[in-house]
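Asks: Okay, here's the structure, questions in a sec.
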Amino acid sequence: MKQQTIDPQRSAIMRAVKSKDTVPEMQIRRFVHNLGYRYRLHRGDIPGSPDLTLSRLKCVIFVHGCFWHGHNCQRGKRLPKTNVAYWHTKIEGNTKRDQRNLLALESLGWKPLVIWECELGQNTYRTQRKLAQFLRDRANFER
Ligand SMILES: [Zn+2]
């Protein structure tokens, strides 16, 4: 029997839609955990339902997929070849929503940090340092 062919790009997108506990997100959780901070996941009562919320430090962390959130990087700019207008509108909508969420968070006194998918992967040293610095600043600010 002939197997149905599925566009690999399309199926990668479908996977990204479905999964909530993505690999980059798991990586960030591990870093934050290893640094000794406690957090909660996807709090629905906070704008944008951030991936990680550190209530005591009054900060939140988003782990954004470059494609879905329209990052200005190689991965973010690679739109599917079909339905270009659809994807463009879709991703522009996501980007606008992200911006609204960040503004809402800041007006409520939350400090947001966005980590992009492309900042993870092989060489995560810089990202780990950035994360550690962000959390340390928040902890100092608290005192
Ligand atoms: Zn990116």
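Asks: Among the residues of segment 41-61, how many are over 20 Å from residue 100 (Cβ atoms) and in a strand (DSSP E or B)?
Replies: Counting residues in segment 41-61 that are over 20 Å from residue 100 (Cβ atoms) and in a strand (DSSP E or B) gives 2.
Asks: Condition first: open to solvent by 20 Å² or more (accessible area, probe 1.4 Å), out of contact with any His (no Cβ under 9 Å at 6 or more places or on another chain) and more than 9 Å from the ligand (Cβ to nearest atom). Now tell me which residues in segment 71-86 satisfy that.
Replies: 78, 81, 82, 83, 84, 85, 86
Asks: Inside segment 112-131, can you point out the residues that are assigned to a helix (DSSP H, G or I), in contact (Cβ under 8 Å) with a residue 60 or more places away in the chain and open to solvent by 20 Å² or more (accessible area, probe 1.4 Å)?
Replies: Once the filter is applied, which keeps residues that are assigned to a helix (DSSP H, G or I), in contact (Cβ under 8 Å) with a residue 60 or more places away in the chain and open to solvent by 20 Å² or more (accessible area, probe 1.4 Å), segment 112-131 yields 117, 128.
The values are calculated or read from the model by the stated rules, or taken from the named source; none is laboratory data. What you are looking at is a predicted structure, and each value in this text was computed from that prediction instead of being measured. Note that we place each Cβ from the backbone using ideal geometry, even for glycine, and neighbour counts take in every protein chain shown. What goes into the accessible areas is simple: the full protein's heavy atoms, side chains included, and nothing from ligands, DNA or RNA. Shrake-Rupley method; radii C 1.70, N 1.55, O 1.52, S 1.80 Å.
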